[in-house]
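Student: Structure provided below as structure tokens; questions to follow.
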Amino acid sequence: MLILAKATMALMLGFILSIITALVVIPLFRKLHLGQSVSKLISKRHLKKEGTPTMGGIIFIIPVLISLILLYFNKSINISYNLIIVVFVFCAYAFLGFIDDYLKVKFKNNDGLSLITKFLLQMVIALIFFYLFMKGGGDTTLRISFLKLTIPLGWVFGLFILFVLVGTTNAVNITDGLDGLAGGLSAIAFFAYGIISWNTGWLEGYQEIAIFCFLLVGSIVGFLVFNSHPAKIFMGDLGSLALGGALASIAIITRHEFSLIMIGGVFILETLSSLIQIVAIRYFHKKVFLKAPLHHHFEELGWEEQDIIKLFWVVGFILAMAAITYGVWL
């Protein structure tokens, strides 16, 4: 019951603080004209979203950080080494996203940082994470429990971590194309990892990692109050990169990397649809999807935005619950 009470408290605290933050941030961002520029390559129905405030990820980032500080001074949590690593990745990717969003707002386009610059900076953060992970006694053995395999990777594990971190941050970023889509899927994913984290009793600071997850779920739900269709604010790269980085780092630290394939299944499908489309056009001069990523394909088929979001949320929820059942119960 104590675990349930702590999880509920974290959800409530994150939600309330995010609502308060949003009520301050949204009018301020409108006053500062921090509006999103919408690409004309996307569906025409998105053009009406031009000028909607962006960088809304701050609405769930600030509450999580404030909540952790409050809980620490209240002696409700300890600041463990693993929690510090997760918070570092969360904030580092958020800062990278902020730079990208700021450039887009400043020059009123969707260019931001160049793809190479963005990728290299993501790699740097991932390398720092790997160094901190190993310094904290991280194991380079890859365990695939459902196949009962244990594979010692050595230095190759560093490449695996780079792939997981960079891949997940970009997957969440790609999915952030409809009102509330990435936010809702992220809330589901962190809820799943919150439950999984509380089952990793062998991990130093496992309770703090779980509380971080539930704080983030509550904060994202508060953000969704203003980000659901029609969105009053977008999370921007500041939010999507932070969520992707935190999700990947928790998966690695709890040694449930392969659970991310199911828990983040919709993110993966979105990314694969973009990759398939790029390869098909570049090498075969044909389109597999009407428009990529996948959510835009459904838009081109005539689906309403709300219906696409609900479908993707349901699929994400089913996959996440299946991953929890296997990772915790079976």
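Student: Of the numbered conditions (1) in a helix (DSSP H, G or I); (2) under 15 Å from the mean Cα position of the chain (by Cα); (3) farther than 30 Å from LYS135 by Cα, ILE252 satisfies every one except a single condition; which is it?
Tutor: (3)
Student: In region 191-203, is there at least one residue being over 20 Å from LYS6 (Cβ atoms), at pLDDT 95 or above, in contact with a Ser or Thr (Cβ under 8 Å, 6 or more places away or on another chain) and of a type outside the set (D, E, K, R)?
Tutor: no
Student: Does LEU96 qualify as being assigned to a helix (DSSP H, G or I), under 21 Å from CYS213 (Cβ atoms) and in contact (Cβ under 8 Å) with a residue 12 or more places away in the chain?
Tutor: no
Residue-wise test of (1) in contact with a Cys (Cβ under 7 Å, 6 or more places away or on another chain); (2) among the β-branched types (Val, Ile, Thr); (3) within 29 Å of TRP198 (Cα to Cα); (4) not in a helix (DSSP H, G or I).
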| site | (1), (2), (3), (4) |
| --- | --- |
| LEU269 | no, no, yes, no |
| LEU275 | no, no, no, no |
| ILE278 | no, yes, no, no |
| ILE281 | no, yes, no, no |
| PHE289 | no, no, no, yes |
| HIS295 | no, no, no, no |
| TRP303 | no, no, no, yes |
| LYS310 | no, no, yes, no |
| GLY316 | no, no, yes, no |
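Student: Another one. From the residues in region 111-158 that are small (Gly, Ala, Ser) and surrounded by 12 or more Cβ atoms within 10 Å (Cβ to Cβ), which one is modelled with the highest pLDDT?
Tutor: Result: ALA126.
Student: Looking at the structure I just gave you, is VAL105 crowded, with 16+ Cβ neighbours inside 10 Å, part of a helix (DSSP H, G or I) and more than 19 Å from the chain's Cα centre (by Cα)?
Tutor: The answer is yes for VAL105.
Student: Of the residues VAL124, VAL172, which single one is under 15 Å from the mean Cα position of the chain (by Cα) and in a helix (DSSP H, G or I)?
Tutor: VAL172
Student: Just one of LEU96, LEU13 is out of contact with any Asp or Glu (no Cβ under 7 Å at 6 or more places or on another chain), closer than 18 Å to ALA246 by Cα, buried (at least 20 other Cβ atoms within 10 Å of the Cβ) and at pLDDT 95 or above; which is it?
Tutor: Among LEU96, LEU13, only LEU96 is out of contact with any Asp or Glu (no Cβ under 7 Å at 6 or more places or on another chain), closer than 18 Å to ALA246 by Cα, buried (at least 20 other Cβ atoms within 10 Å of the Cβ) and at pLDDT 95 or above.
Student: Also, I was wondering about something else. Against the definition (within 16 Å of LEU241 (Cβ to Cβ) and basic (Lys, Arg)), how does LYS104 come out, yes or no?
Tutor: On the way: within 16 Å of LEU241 (Cβ to Cβ): yes; basic (Lys, Arg): yes.
Answer is yes for this residue.
Student: May I pose another question? Among the numbered criteria (1) buried (at least 18 other Cβ atoms within 10 Å of the Cβ); (2) under 22 Å from LYS49 (Cα atoms), which one does GLN306 miss?
Tutor: (1)
Student: Given the conditions (1) under 30 Å from PHE29 (Cα atoms); (2) without any contact (Cβ under 8 Å) to a residue 60 or more places away in the chain; (3) more than 18 Å from the chain's Cα centre (by Cα), and given that ILE281 satisfies all but one, which numbered condition is not satisfied?
Tutor: (1)
Student: Does region 279-299 hold any residues that are over 23 Å from PHE190 (Cβ atoms) and surrounded by 12 or more Cβ atoms within 10 Å (Cβ to Cβ), and which are they?
Tutor: Selection gives ALA280, ILE281, LYS287, VAL288, PHE289, LEU290, LYS291, ALA292, HIS296, HIS297, PHE298, GLU299.
Student: Pull out all pairs, ordered by first then second residue, where Cβ-Cβ is under 9 Å, the residues are six or more apart or on different chains, the first lies in region 117-131 and is within 12 Å of LEU162 (Cβ to Cβ), and the second is of a type in the set (Ser, Thr, Tyr) and modelled with pLDDT of 95 or more.
Tutor: Note: pairs meeting the criteria are GLN122/TYR93; GLN122/THR169; ILE125/TYR93; ILE125/THR169; ALA126/THR169; PHE129/SER249.
Student: Report, by residue number, each residue of region 197-246 that is buried (at least 22 other Cβ atoms within 10 Å of the Cβ) and of a type in the set (Ser, Thr, Tyr).
Tutor: Selection gives SER197, SER219, SER240.
Student: In addition: Restricting to region 25-43, and then to whatever is surrounded by 13 or more Cβ atoms within 10 Å (Cβ to Cβ) and at pLDDT 90 or above, can you tell me which residue is nearest to GLN207 (Cα to Cα)? Full working, then the answer.
Tutor: Going residue by residue through region 25-43, those that are surrounded by 13 or more Cβ atoms within 10 Å (Cβ to Cβ) are 25-26, 29-30, 34-38, 42-43.
From the residues that got through so far, the ones that are at pLDDT 90 or above too are 25-26, 29-30.
Details: VAL25: 31, ILE26: 33, PHE29: 35, ARG30: 38 Å.
Once the filter is applied, the top-ranked residue is VAL25.
The values are calculated or read from the model by the stated rules, or taken from the named source; none is laboratory data. The model shown is predicted, which means the values in this text are computed figures rather than measured ones. Here the Cβ is made from the backbone with ideal geometry for all residues, glycine too, and neighbour counts use every protein chain on show.
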